[in-house]
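Q: Quick one: structure below, then a few questions.
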Amino acid sequence: MGMHFRHHRSPTQAPAAAPSPSAAQCSVAGTIALEVSMAKKQRIPHKFLPWIDARKKFRLSNAHIQMARELGLSPKRFGDYADTTDQPWKVPLPQFIENQYEKQFGKERPDVVMSIEEIAAAHVAKRAQRKAEKLKARQNESPQDLPPNSLD
């Protein structure tokens, strides 16, 4: 006996078109969509991405991520630190980070807490500034300063 599918459409049928919005909705939605698409997405260097993933996966605050970075912990090992199901004697990851931070630095939290995105933006800005200074120094360098063989 063959199987029958009720809502099967043949390959020749086109999908049903969505209802078109009114002109007022188009102008407002178009403006919002244009503003969203015009906003430049900030580039985050690859070395910060594991920290962002760990913050989401383990539901950590920006302060916990900053403390873990200052302690030199690896975000790849957070699963080992947070394994409280198989090893119930372990404290939860946020308390583990807080305890280690207090033991090493003698204070509960960092003085200034920055999100990983802010740290990444500062890193990118600093690199861009260094690159601009290096380019400026090369442009200011005159041909007399160079050794004679470097002009070839």
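The values are calculated or read from the model by the stated rules, or taken from the named source; none is laboratory data. No experiment lies behind these values; they were computed from the predicted model shown. Don't worry about glycine lacking a Cβ; one is built from the backbone with ideal geometry, like all the others, and counts go over all protein chains shown.
This table checks each residue for (1) loosely packed, with under 13 Cβ neighbours inside 10 Å; (2) free of Cβ contacts under 8 Å to residues at least 40 places away in the same chain; (3) of a type in the set (A, V, I, L, M).
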site	(1), (2), (3)
ASP53	no, yes, no
ASN62	no, no, no
GLN66	no, no, no
LEU71	no, yes, yes
PRO75	no, yes, no
PHE78	no, yes, no
TYR81	no, yes, no
THR85	yes, yes, no
LYS90	no, yes, no
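Q: May I pose another question? How many of the residues making up the stretch 28-55 are modelled with pLDDT of 90 or more and either under 16 Å from TYR81 (Cβ atoms) or not in a helix (DSSP H, G or I) (or both)?
A: Matching residues across the stretch 28-55 total 6.
Q: Taking GLN144, is it modelled with pLDDT of 95 or more and either in contact with a Cys (Cβ under 9 Å, 6 or more places away or on another chain) or part of a helix (DSSP H, G or I) (or both)?
A: For GLN144, the condition - modelled with pLDDT of 95 or more and either in contact with a Cys (Cβ under 9 Å, 6 or more places away or on another chain) or part of a helix (DSSP H, G or I) (or both) - is not met.
Q: Could you run through the stretch 57-99 and say how many residues are of a type in the set (D, E, K, R) and within 16 Å of ILE119 (Cβ to Cβ)?
A: Counting residues in the stretch 57-99 that are of a type in the set (D, E, K, R) and within 16 Å of ILE119 (Cβ to Cβ) gives 2.
Q: Still on this structure: Taking the stretch 92-125 only, how many residues are under 21 Å from the mean Cα position of the chain (by Cα), in a loop (DSSP other than H, G, I, E, B) and exposed (fewer than 12 other Cβ atoms within 10 Å of the Cβ)?
A: 1
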